[in-house]
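Before any comments, here is the structure.
The values are calculated or read from the model by the stated rules, or taken from the named source; none is laboratory data. Computed from a predicted model, the values in this text were never measured in an experiment. Note that each Cβ is placed from the backbone with ideal geometry, even for glycine, and that neighbours are counted across all protein chains shown. Calculation scope for accessible area: heavy atoms of the full protein, side chains included, ligands and nucleic acids excluded. Shrake-Rupley method; radii C 1.70, N 1.55, O 1.52, S 1.80 Å.
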Amino acid sequence: MSRRAILRWPNGSDWGHLATVPDDGGLPRFAGFVRMTDQRVQHLLARTTARPADGDMWEIHFTFAECELIAA
C-alpha cells in the first residue's frame, strides 16, 4: 500500500502545508509547512494537477514515493 499525502495552499501564497493520510483512511494529519518555491514542490506541481478546494485553497494528493517532501 502506498503512503499518501496532501499539499494544500491558499491561492497565490508563498507557503503551503503538508498532511499525511493514515493507512486506515482516517483524517489527514498535519506534517509541516513548505515554501511553494521549493524545488521539490515545483517538481511535484509540474507532475500533478492541482485542484481547487475550500474557496481560494488549492490541493494536490500524492504518494510519498512521488516526492521527497515527507520521509517514508
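Labels on offer are (i) 11.4, 35; (ii) 13.1, 47; (iii) 11.5, 33, and the one holding Rg and Dmax of the Cα atoms in Å computed from this structure is (iii). About its Cα centre, the chain has a charge dipole of approximately 100 debye under the convention of +1 per Lys or Arg Cβ and -1 per Asp or Glu Cβ, with nothing else charged. Leaving out ligands, DNA and RNA, and with a 1.4 Å probe, what % of the accessible surface on the stretch 4-69 is carbon or sulfur? C and S atoms contribute 51 percent here. Using a Gaussian network model of the chain in which every pair of alpha carbons under 10 angstrom is joined by a spring, one finds that among ALA46, ALA31, ALA19 the greatest mean-square fluctuation is at ALA46.
Probing with 1.4 Å while keeping every protein chain in the model, the per residue accessible area of the stretch 12-66 equals 65 Å².
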